[in-house]
Structure formats: C-alpha cells, structure tokens
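S.K.: Quick one: the structure is below, questions incoming.
The values are calculated or read from the model by the stated rules, or taken from the named source; none is laboratory data. Remember, predicted model here, so these are calculated numbers, not experimental data. Cβ placement follows ideal geometry from the backbone for every residue including glycine, while neighbour counts extend to all protein chains displayed.
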Amino acid sequence: MLTRRHFLRLLAGLAAAGAATSFYGVVIEPYYRMRVTRYALTPRNWPAGMSLRLAVVAELHICDPWMNLGRLEKIVAMTNSISADCILLPGDFVGTHKFQTPVPPSLWSRALAKLSAPLGVHAVLGNHDWWSDREAMQRGGGPTWVGKTLEDAGIKLFENDALRLEKNGLPFWITGLGDQIAFVPVRSWRHPVRGVDDLPATMAKITDTAPVIMMIHEPDAFPDISSRVALTISGHTHGGQVAPFGWRPIVPSRYRRRYAYDHIVEDNRHLIVSGGLGCSVLPVRIGVPPEIVVIDIGHGGLASSPLLDSPA
C-alpha cells in the first residue's frame with residue numbers, strides 16, 4: 001500500500017533525479033565532457049596511396065556564457081593539436097536564440113584566425129549565420145556579416161563553390177554547398193523556406209576526376225549527392241542534442257533520425273554528421289557530448305564506428 005509518507009518520498013526522489021539530470025545536462029556534459037571523435041574510412045575509388053586527415057569543428061554557436069571566448073580558444077588549441085591536413089567548419093558560428101549574449105565578432109574572429117592546417121581552413125555558413133543578419137534577410141541574399149568576419153580571419157568561405165588542392169602531389173577537391181534553409185521570412189512558417197544551395201552549380205565546378213570532399217550544413221541534401229563525392233560532412237543536427245540512451249526525440253531534419261549523427265553509408269556514399277560543440281535553443285546536452293571530429297581517409301578499412309579519445 002502506498003502511504004502518504006512513501007508518496008512524498010517518491011516525489012522527493014523524482015525531484016532530486018530531475019535536478020541531478022538538469023545539472024548534468026546544463027553544466028557537466030556541455031562543459032566538461034568535450035571529446036575528440038575519430039573515424040577512419042576508405043571510400044570506393046579512393047586513390048591508392050593517398051591519405052588525408054580532416055578535423056571538423058561544427059556548431060560553435062558562439063555566445064556568452066555558453067560558448068564564450070575562453071571555451072572557443074580551448075577548442076582552437078585542441079583542433080590545432082590534431083595535426084589535420086584540412087580543418088572544416090560546416091556552419092552555425094553564432095546563435096539566434098534568447099538567453100544568449102553575442103561575443104563581439106572582432107574577438108571570436110581573432111580566435112578562429114589561429115586555426116591552422118597545411119591545406120587550409122574551410123567553411124560554409126549555417127542557417128543561424130544567415131538568420132542573424134537582418135539586412136541579408138531583407139534583401140534576400142548575401143554577403144552576410146558572419147561570412148565577412150570569417151573571410152577577415154583568413155578562412156576560405158564556400159557557397160556553391162569548389163577548390164582543388166593537392167597533398168603530396170595527389171589532387172582532391174573541397175566543395176561547399178550553400179545553406180539549404182537560409183531564409184525563413186520574418187520567422188513565419190506560413191512563408192516558404194528558401195535556401196541558397198545550388199548542388200548542380202557546385203558539382204559543375206569540379207573539372208577532373210580527383211576525389212571530392214563536400215561540406216553541407218544540413219544533412220538533408222545528402223540523398224541528392226552523387227557517388228562522385230567521396231565524403232560528405234555535415235553538422236546542424238547536434239546529434240539531437242538531447243539523446244538519453246541513444247534515443248533522439250527531436251532531430252531538425254525532414255528525415256528525422258536517418259541523418260541525426262555518426263557515419264552513414266548509403267549506396268556506397270559516405271556521410272559523417274558531427275554532433276557539434278555548442279548548443280541550440282537551450283544550453284543543454286544529454287547523451288551527445290560536444291566533439292571535435294577527426295576523419296582519416298585512405299588509412300585502411302571501408303568504414304568504422306567512432307573511436308573516442310578521452311574527454312578533454
């Protein structure tokens with residue numbers, strides 16, 4: 001029989017469990033469980049003898065206090081210590097939600113300017129980078145202040161563009177698709193969502209048979225990307241951001257959990273979705289610790305589950 005005393009104890013236990021979970025999700029996981037997640041793969045038709053290491057820094061959502069300048073500088077230092085050939089930044093550098101205080105662009109751009117890799121630092125914009133720019137929203141196009149800030153920091157910005165690079169005399173392409181939901185007019189879902197993405201134009205800029213690495217912000221473009229692309233890299237979903245025991249109740253994708261997180265292989269096409277580093281909407285992470293992603297391509301093996309370094 002459930003007595004009043006037992007009932008009150010149950011309520012107290014539930015309240016304590018809720019408080020502990022909230023503390024973990026707001027304080028412990030976002031701040032103290034940052035990790036490096038490593039993948040190794042060799043896509044089909046990848047050139048023999050060519051190895052490439054990529055570091056992916058996604059979903060920074062720079063703001064006070066959740067992703068302040070000190071945290072950003074720590075992420076930059078960790079990323080540089082990975083010794084990647086290229087550093088890829090697949091968007092959402094700023095946040096557009098309440099309870100966030102912007103960090104001056106002059107400060108965060110100075111921090112990002114310290115990112116260093118032999119074959120460069122490359123970026124695409126995310127939806128929040130567009131939504132944060134009222135003037136771009138009003139005129140229906142770029143340039144954006146976030147994009148200009150990145151370029152002033154020496155970071156190569158892609159919008160439906162491609163760049164041919166070489167490592168040890170072997171060529172490959174870095175490409176970047178424009179954001180797919182750049183415009184949500186006046187934040188009303190009564191108006192159609194419109195992007196600045198142009199996949200055919202992006203692919204048309206590839207002029208030879210060298211392998212292609214593509215950055216996209218939202219993973220929803222992946223079904224339309226051909227096997228000509230060796231690897232597609234995305235962010236946006238935050239891995240669901242709240243995923244207790246691997247269950248992801250909310251994923252910002254029309255494909256729901258299909259492209260929520262991890263290394264996905266479909267029809268011999270490879271997609272890696274980073275869980276990112278910052279937070280969106282609410283400053284909470286449960287079951288999806290912030291991560292820097294490291295991808296070793298051409299080091300053997302067709303695919304891998306993520307290998308996790310010890311939390312930083």
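S.K.: Can you name every residue in region 45-75 that is in contact with a His (Cβ under 9 Å, 6 or more places away or on another chain) and at pLDDT below 95?
M.R.: 63, 67
S.K.: Oh, and also: I'm trying to understand the selection: among the residues of region 78-97, which are hydrophobic (A, V, I, L, M, F, W, C) and within 20 Å of residue 279 (Cα to Cα)?
M.R.: As a first pass, look at region 78-97 and keep what is hydrophobic (A, V, I, L, M, F, W, C): 78, 82, 84, 86-89, 93-94.
Result: 78, 88, 89, 93, 94.
S.K.: Can you name the residue in region 43-62 that is on the phi > 0 side of the Ramachandran plot and of a type outside the set (S, T, N, Q) and is also farthest from the chain's Cα centre (by Cα) among such residues?
M.R.: 49
S.K.: Taking region 58-108 on its own, how many of its residues are of a type in the set (Ser, Thr, Tyr) and either within 23 Å of residue 167 (Cβ to Cβ) or not assigned by TED's automatic domain parsing to the domain that holds residue 280 (or both)?
M.R.: The total comes to 3.
S.K.: Can you list the helices (runs of 4 or more DSSP H) lying wholly within region 103-192 that have 2 or more residues being at pLDDT 95 or above and crowded, with 21+ Cβ neighbours inside 10 Å? First the steps, then the outcome.
M.R.: Numbers: elements: 105-112, 127-131, 134-139, 145-152.
Those helices (runs of 4 or more DSSP H) span 105-112, 127-131, 145-152.
S.K.: Turning to a different aspect of this structure: Restricting the search to region 203-250, which residues are at pLDDT below 95 and surrounded by fewer than 23 Cβ atoms within 10 Å (Cβ to Cβ)?
M.R.: Correct list: 242, 243, 244, 245, 246, 247, 248, 249, 250.
S.K.: Hey, another quick one. Checking the condition surrounded by fewer than 24 Cβ atoms within 10 Å (Cβ to Cβ) and not aromatic (Phe, Trp, Tyr), which residue from 274, 253 passes?
M.R.: 253
S.K.: Something else: May I ask you to list the residues in region 43-92 that are in contact with an Asp or Glu (Cβ under 6 Å, 6 or more places away or on another chain) and acidic (Asp, Glu)?
M.R.: Of everything in region 43-92, those that are in contact with an Asp or Glu (Cβ under 6 Å, 6 or more places away or on another chain) and acidic (Asp, Glu) turn out to be 59, 92.
S.K.: Among all residue pairs at least 6 apart or on different chains, which show Cβ distances below 6 Å where the first residue, located in region 282-309, is under 22 Å from residue 61 (Cα atoms) and modelled with pLDDT of 55 or more and the second is of a type in the set (D, E, K, R) and not in a loop (DSSP other than H, G, I, E, B)?
M.R.: Close Cβ pairs (under 6 Å, with a partner that is of a type in the set (D, E, K, R) and not in a loop (DSSP other than H, G, I, E, B)) amount to 285/29; 289/29; 289/35; 291/35; 294/38.
S.K.: Six or more apart or on different chains, Cβ under 6 Å: which pairs go from a residue in region 267-281 that's in the same structural domain as residue 61 (by TED's automatic domain parsing) and at negative phi to one that's among the small types (Gly, Ala, Ser) and not in a loop (DSSP other than H, G, I, E, B)? Could you list them?
M.R.: Partner pairs satisfying both residue conditions: 273/234; 275/239.
S.K.: Against the definition (of a type outside the set (A, V, I, L, M) and either part of a loop (DSSP other than H, G, I, E, B) or more than 30 Å from residue 66 (Cβ to Cβ) (or both)), how does residue 239 come out, yes or no?
M.R.: no
S.K.: How about region 227-247: which of its residues are more than 17 Å from the chain's Cα centre (by Cα) and within 20 Å of residue 91 (Cβ to Cβ)?
M.R.: 229 - this is the single residue of region 227-247 that is more than 17 Å from the chain's Cα centre (by Cα) and within 20 Å of residue 91 (Cβ to Cβ).
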